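Single-structure report; data block below.
The values are calculated or read from the model by the stated rules, or taken from the named source; none is laboratory data. Treat the numbers as computed from the prediction; the structure is a model and nothing was measured. Every residue, glycine as well, gets a Cβ built from its backbone with ideal geometry; the counts of neighbours run over all protein chains shown. The accessibility values were calculated without ligands, DNA or RNA, using every heavy atom of the protein model including side chains. Shrake-Rupley method; radii C 1.70, N 1.55, O 1.52, S 1.80 Å.
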Amino acid sequence: MEIDARYSRQVRFEPLGEEGQRKIGAARVAIVGCGALGSIQAEMMARAGVGLLRLIDRDFVELSNLQRQFLFEESDAREALPKAAAAAHRLSEINSAVAVEPIVADLTPSNAHELLEKIDLILDGTDNFETRYLINDAAVRSGVPWIYGAAVGSYGLKFAILPGQTACLRCIYPDPPQGTQPTCETAGVLGPLTATIGALQSADALKILAGSPPVARITTVDVWSGEIRQIEPPARDPTCPCCARRDFVYLDGSRRAPVSLCGRNAVQIHERARPLDLKALAAQLGLIAPVRSNEFALRVTLDPYELTVFADGRAIIKGTTDIGTARSLYARYVGA
Ligand SMILES: [Zn+2]
């Protein structure tokens, strides 16, 4: 009876119904990235009553997250709690019937199989293309649907990828974008935008879990101009290296930028074939922190870290020996 009362409003929604609720209750969902999008998705999945929620995140809560990351509080930032752990604690208070598994880790080719196995659906809460291509490889290989989402400034988009049925990420974007990309750190991001995109992704997730086909179009939203658009996605590419030829280069790690410990208290990220426009990057970063640059490199101080970025995309991050932290800083400030 208690269960009935808790979910009665969504069970009464006819396209979902009791059968849909039963499926949602049995579902195992992974959320990769528990920031702004991920914390909305996680809360919606927990409130909707999924069976298991696996939260994968490599970051710690910071004060600058609180403007849009709805699961976190000032005390989480003060204690610099891992986002996955802070989120799991909050979610257990929202719905104690959901099994929540916090995983404090960077999703990598070496752990993707373990972390994404026996999962019915993956929600993209990441902020970088490298991880999204890895999710795409893992999802296509095991035939698991995943919901892409991205948000910067006031503009974002989402679309559902059903392996074998819809275009996959590599059908749509064969390769990651080159050069400097705007990030939430350099271009900012609005809470209403991330809440909107996270909610739209969550609606697709509930539809898929309940057994209905998701919205087959790409939805784009600009919460500042108010423009919302539906775009027909391209058809599946019959020559797609991922979903047609099943060549999973991101999952086997051959596309992953090598990372190594570099001296004392520093990590080197040496991306290949990713030339950067240092002038543009210096201008972007100069808005948020002191930057020194020349034609070969730029250096930005982000206390307690110092990033030195080279024109070929390589970077040395001082102030940490943790590869996950270094990758995260690189993704946030240089783009992924
Ligand atoms: Zn494809």
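Tabulated values for the structure
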read-out	value
Dipole magnitude of the chain about its Cα centre (Cβ charges: Lys, Arg +1; Asp, Glu -1), debye to nearest 20	520
Gyration tensor (alpha-carbon) shape descriptor, region 271-336, a/c threshold 1.5	oblate
Accessible surface of region 123-170, 1.4 Å probe, proportion on carbon and sulfur as whole %	51
Electrostatic dipole magnitude of region 290-330 [Cβ: Lys, Arg +1; Asp, Glu -1; Cα centre; debye, to 20]	20
Near-label residues of region 77-107 by backbone N, under 16 Å of a point 7 Å along Cα→Cβ of residue 66	77-83, 86-87
Region 207-242 versus region 146-189: alpha-carbon centroid distance in Å	11
Sites residue 265 and residue 79, calculated FRET efficiency, Cβ-Cβ separation with R0 25 Å, nearest 0.05	0.65
Highest-fluctuation residue, 205, 289, 160 considered, GNM on the chain with Cα pairs under 10 Å	289
Gyration tensor verdict on region 1-139 (Cα atoms; rounded if a/c is under 1.5, prolate if a/b is larger than b/c, oblate otherwise)	oblate
Residue 252 paired with residue 279, simple spin-label distance in nm, labels 7 Å along Cα-to-beta-carbon	4.1
Shape of the chain, Cα gyration tensor, a/c cut at 1.5	prolate
Accessible area, probe 1.4 Å, largest first, for residues 220, 321	321, 220
When each of 118/207; 83/279; 158/318; 23/118 is checked by Cα-Cα distance, pairs over 24 Å	83/279; 158/318
Alpha-carbon centroid distance for the pair region 40-82 / region 284-336, whole angstrom	25
Inter-probe distance in nm under a simple model that places probes 7 Å from Cα toward Cβ, at residue 4 and residue 26	2.1
